[in-house]
1. At a temperature of 37 °C and a viscosity of 0.692 mPa s, determine how fast the chain diffuses translationally according to Stokes-Einstein, using the Kirkwood radius over alpha-carbon pairs as Rh; express D in µm²/s, rounded to the nearest whole number.
2. Under the Karplus relation 6.51 cos²θ - 1.76 cosθ + 1.60, θ = phi - 60°, what is the ordered set of whole-Hz ³J(HN,Hα) values for the stretch 110-119, x standing for Gly and Pro?
3. Amide H to amide H under 5 Å from Ile362: which residues, 5+ apart in sequence or cross-chain, H placed 1.01 Å off N in plane?
4. Rounded to the nearest 0.05, what FRET efficiency do Phe10 and Val154 give with R0 = 22 Å and r taken as the Cβ-Cβ distance? Could you check?
5. Count the lysine pairs in the chain whose Cα atoms sit under 19 Å apart, keeping only pairs 8 or more residues apart in sequence or on different chains.
6. I'd like the FRET efficiency for Thr18 and Ser226, computed as 1/(1 + (r/R0)^6) with the beta carbon distance as r and R0 of 45 Å, rounded to 0.05.
7. So what J values fall out for the stretch 240-247 if you push phi through Karplus, 6.51 cos²θ - 1.76 cosθ + 1.60 with θ = phi - 60°, rounded to Hz, Gly and Pro as x?
8. Considering only Ala245, Thr184, Leu299, whose Cα is most displaced toward the positive end of the charge dipole of the chain, charges sitting on Cβ of Lys, Arg (+1) and Asp, Glu (-1)?
Amino acid sequence: MNFEASAGEFVLSSKVETGKVAWRSPSNIALVKYWGKHGDQLPRNPSLSFTLSQSYSETTLLFKPREEFSTTVSLSFLFDGESKPDFEKRLQGYFDKVRQIFPFIDQLHFDIRSRNSFPHSSGIASSASAFSALALCLCSLEDALFETLQDDVVFRQKASYVARLGSGSASRSIFAHAALWGETGLVEGASDEYAIPVGDMLHSEFHQYCNTILLVSEEQKSVSSSAGHQLMEGHPFAENRYLQAGRNLMYLVESLRTGDVERFVQICEQEALQLHALMMCSQPYYILMQPNSLRIIQLIREFRLESKIPVAFTLDAGPNIHLLYRYNDRTKVESFIENNLLQYCTRSSMIQDGLGKGPIQIE
Ligand code: PMV
């Protein structure tokens, strides 16, 4: 699929009014991880994530006509009302990249305002929610100006593609409940270019699945994900990892379809530990788990053995633990968290989250 505009397409022929579009878009937690990329943000292996509900970004894109035509992107960015020069620069690069898809970018000035529902320091991957919100805004703007994205399936596919160009994992945040990104023969329509929704495949065991994020540390990640993906180039275990990710995806899809929660737990934990193991033996290496991450992991395993409740942990590229469990088990799991795990979290902090319905357009 090529989303680049052909000559003369999406160019404004008359002056537009000042206006705005805004979206709330969630973060997501990968179960099979995307780690390693090539080309223009293309994944080395397919990944699958749950879309979250409470952890989201809200982004408003205000636009106005520019007095003079210029091929230099014109934008300002405020996060929580404050300027963030580093991110503004990243956005300038991103808008420059997507000018081929949305040529009207050259004719407009943008003021971008964004906020997150979660603390910036919580270690939650904000790039997934931030870039998905922004991509949705750009697609809404295209549709407002040219009425080209009236079909919701087409709209979301393009938004996922555009989000991917900002941050790979953002491609998955566009869809409710669960999304798959990357080519695989397991699910029809899967693509490296954009994610596809797979919420429909979830067995009822996974409906309303809960995800508590235990904040072991609120410090910033010590490795950016782009540096992290780079570590996979020439990594001694890279080829095996990509094969294993493909196999894990097959088992995960099977368990999600059949409601095999035990299998689900095995795959989630293996994927999380493998991600961290890869980082520990790359050059340079990173140890992103902290002593309290390991303590929590140990306690989760003991709790699962004793209670027979299939709770699973997973991690992003950081020390915080995502606890995944069934809605019907929540009373017991939440009291376990309260009594046994919170003491290992920074300031006893956690975020109560779970499967979400995906992005929504806001006023
Ligand atoms: O989308 P990126 O480039 O921030 O990479 C995300 C990498 C992980 O969060 C570690 C895994 C994933 O699939 O989300």
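1. 156 µm²/s
2. Values per residue, Gly and Pro as x: 10, 10, 10, 10, 9, 8, 10, 7, 10, x Hz.
3. Ala22, Trp23, Arg24
4. After rounding to 0.05, the efficiency reads 0.90.
5. Lysine pair count for the chain: 9.
6. 0.85
7. Per-residue couplings from phi come out as 5, 4, 5, 5, 5, 4, x, 5 Hz.
8. Checking the options against the dipole of the chain, the answer is Leu299.
The values are calculated or read from the model by the stated rules, or taken from the named source; none is laboratory data. Owing to the predicted nature of the structure, the values given are computational and were not obtained by experimental measurement. Note that we place each Cβ from the backbone using ideal geometry, even for glycine, and neighbour counts take in every protein chain shown. For accessibility, only protein heavy atoms count, side chains too; no ligands or nucleic acids. Shrake-Rupley method; radii C 1.70, N 1.55, O 1.52, S 1.80 Å.
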